[in-house]
Amino acid sequence: MVQQALRRIGGFELNVAPILSSEAFLGYRNRAVIPLERTEDGTLRAGFYRSGSHRIVNMNRCPVLDPRLDRLIAPIKLDLEQSDWPVDADLSAEGACGTWPCALATTPVSC
């Protein structure tokens, strides 16, 4: 398909190498944006959106995240839950945090 599109649209004649799959099927993601919301009783919900909806499925672990990020989910979630930091997935509350972006640096970072 890629070769056909490049030929048809751009007039390119290329040999496209086959796509190789990774051997790692868990623990391979080095970044995520985790939606957050507080329930009516004040409990923090952090997780992912249920398929086809904006309902957050609560989680404390994510097996596809790199283990260095995965092990941070529960303690950061607990810290946010115990704080009075406003959390609101749709950002209707002033100053609220709607998502928790997390990533691993792939290159050294200097400050």
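The values are calculated or read from the model by the stated rules, or taken from the named source; none is laboratory data. Note that the coordinates shown come from a computational prediction; the quantities given were computed from them, not determined experimentally. Glycine also receives a Cβ, built like all others from the backbone with ideal geometry; neighbour counts cover every protein chain displayed. Just the protein is used for accessible areas: all its heavy atoms, side chains included, with ligands, DNA and RNA removed. Shrake-Rupley method; radii C 1.70, N 1.55, O 1.52, S 1.80 Å.
Can you give the FRET efficiency to the nearest 0.05 for Ala105 and Glu23, using r as the Cβ-Cβ distance and R₀ = 30 Å? Mind showing how you got there, number by number?
On the way: r = 23 Å, r/R0 = 0.77.
After rounding, the FRET efficiency stands at 0.85.
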- Message: Quick check: with the 1.4 Å probe, what order do Val64, Val16 take by accessible area, largest first?
- Response: Val16, Val64
- Item | Apportionment of accessible area to carbon and sulfur, the chain, percent (1.4 Å) | 56
- Item | Charge dipole (debye, nearest 20) of the chain; +1 at Cβ of Lys and Arg, -1 at Cβ of Asp and Glu | 580
- Query: Roughly how much of Met59 is accessible, in Å² to the nearest 10, using a 1.4 Å probe?
  - Reply: 20
- Mind sorting out which of (1) 62, 30, 19; (2) 60, 31, 30; (3) 56, 37, 22 is the real Cα extents along the principal axes in Å computed from the coordinates? (2)
- Task: Note down the accessible area of Asp41, probe 1.4 Å, to the nearest 10 Å².
- Result: 120
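Based on the alpha-carbon gyration tensor of the range 38-86 and its eigenvalue square roots a ≥ b ≥ c, which shape applies: rounded if a/c is under 1.5, prolate if not and a/b is larger than b/c, or oblate?
Details: a/c = 3.03, a/b = 1.11, b/c = 2.73.
Oblate, since a/c reaches 1.5 and b/c is not below a/b.
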